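Participant: Can you read through this structure? Questions will come right after.
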Amino acid sequence: MLHVSNLVLTVTDPDTGQDTEILHGNSFSLAQGESLGLVGESGSGKSMTIKCILGIEPAGARVDGMIELDGVDLLAAKGEELRHIRANDLALIAQSPHGALNPVLPVGRYLVEGMSDARSMPKAEARAKAADLLRQVGIDDTERVLNSYPHQLSGGMLQRVVIAGAISGQPKLLFADEPTTALDVTTQAEVAAILDEMRREHGLSMIFVTHDLDLAAAMCDRLAVMKNGEILEIGTPDQIRDTPQTEYTRQLMAARPLLYPAGHPAAAFLAVEPTADREETRS
Ligand SMILES: Nc1ncnc2c1ncn2[C@@H]1O[C@H](COP(=O)(O)OP(=O)(O)OP(=O)(O)O)[C@@H](O)[C@H]1O
Ligand SMILES: [Mg+2]
């Protein structure tokens, strides 16, 4: 459903007029219902890749190449068509839920207006749907949460609300950029599990950006390893673990901290006992 080919992002320094290439001609595809993890060190271009697809690259930057969603060329689409695609087909879950939510409105308004405006749903129906979505993301006291302002809820709770909002629009493609990094470790695991479950249940495609190789492996069908604005390799989590194609991937594998206890879904990527696997990786 998504074809990205030869994606190049160039930014121009407004003072010197000098061009810097940030992404160097990356290509990848995503099938319906598939999830792709973008992994790699800080500054490798993970966020910029999804920003290019969402059309929110930095002002003055130039995007070249081809980005095609269900046959529509997003780089050529303009005006109403592009607005429609962004509003209906794409949804972003960012690192901090605060950017998505209006601080002076109860979160219920965010969910209800999202649905009633975008899908011309009657308000009462949208409110019932919002409560239903909140239950799906593990929130039971839905009335209290719908009536709460963002500052009255924890980060984990807010991120669940944002996930519910993202799902409510039934997008074709979900982007999650470090969606759990700002949360404490226990909440991180819960929110990641909810996101994973919701995505699978609703059959959504997802591009999941993270530093955390194990989490990406647990949540994604394939991983793209990025470094310095380039995709070095793409493979299934098993391929990346067992037959890394580059020295960088090998180093990334060896350097990852062990955050997950045995039995956690992300620990499954370690195949055997986490510590034993680490010994193997090191030797
Ligand atoms: N607004 C901007 N203008 C110019 N260059 C930028 C801008 N934002 C980021 N960059 C550069 O683009 C490159 C890729 O950044 P990007 O944010 O995509 O990295 P990332 O892989 O998401 O890193 P992190 O894991 O820290 O979020 C970096 O070299 C960064 O310095
Ligand atoms: Mg980033």
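The numbers here are math on the coordinates, done by the rules we state, and not lab data. Treat the numbers as computed from the prediction; the structure is a model and nothing was measured. We place every Cβ from the backbone using ideal geometry, glycine too, and count neighbours over all the protein chains shown.
Participant: Can you work out ³J(HN,Hα) from phi for every residue in the range 63-78, in order, using Karplus 6.51 cos²θ - 1.76 cosθ + 1.60 and θ = phi - 60°, giving whole Hz and x for Gly and Pro?
Facilitator: Computed from phi, the couplings for the range 63-78 are 10, 10, x, 9, 10, 10, 10, 6, x, 9, 7, 5, 7, 9, 5, 9 Hz.
Participant: Still on this structure, please answer the following. For the chain, how big is the tail of P(r) above 27 Å, as a whole percent of Cα pairs?
Facilitator: 43
Participant: Rank Gln170, Leu23, Thr210 by how far each Cα sits towards the positive end of the charge dipole of the chain (+1 on Lys, Arg Cβ; -1 on Asp, Glu Cβ) and give me just the farthest.
Facilitator: Gln170
Participant: How much length is gained if the chain between Ala118 and Ala254 is pulled fully straight, taking 0.36 nm per residue apart and subtracting their Cα-Cα distance, in nm to one decimal?
Facilitator: Full extension of this stretch gives 44.4 nm more.
Participant: Could you work out [θ]222 nm for the chain from helices alone, using -39500 (n - 2.57) per DSSP H run of at least four and dividing by all its residues? Round to the nearest 500 deg cm²/dmol.
Facilitator: -12000 deg cm²/dmol
Participant: How are the alpha carbon pair distances in the range 1-138 distributed across 5 Å bins from zero to the largest one, expressed in percent?
Facilitator: 2, 8, 14, 17, 17, 15, 13, 8, 4, 1, 0
Participant: I've got another one for you. Please tell me which of these pairs span more than 24 angstrom C-alpha to C-alpha: Lys129/Lys172; Lys46/Lys172; Lys78/Lys227; Lys51/Lys129?
Facilitator: Over 24 Å apart, Cα to Cα: Lys78/Lys227; Lys51/Lys129.
Participant: Using θ = phi - 60° and the Karplus curve 6.51 cos²θ - 1.76 cosθ + 1.60, what whole-Hz ³J(HN,Hα) does each residue of the range 175-183 get, with Gly and Pro shown as x?
Facilitator: The phi angles translate into 10, 10, 10, 6, x, 10, 4, 7, 9 Hz.
Participant: What distance in nm separates the two pseudo spin-label positions at Val185 and Tyr149, each 7 Å out from Cα along the beta-carbon direction?
Facilitator: For Val185 paired with Tyr149, the spin-label model returns 3.4 nm.
Participant: As I understand it, the dipole of the range 1-108 uses +1 on the Cβ of Lys and Arg and -1 on the Cβ of Asp and Glu, about the Cα centre. Which of Asn88, Pro106, Ser44 lies farthest toward its positive end?
Facilitator: Of the listed residues, the answer is Pro106.
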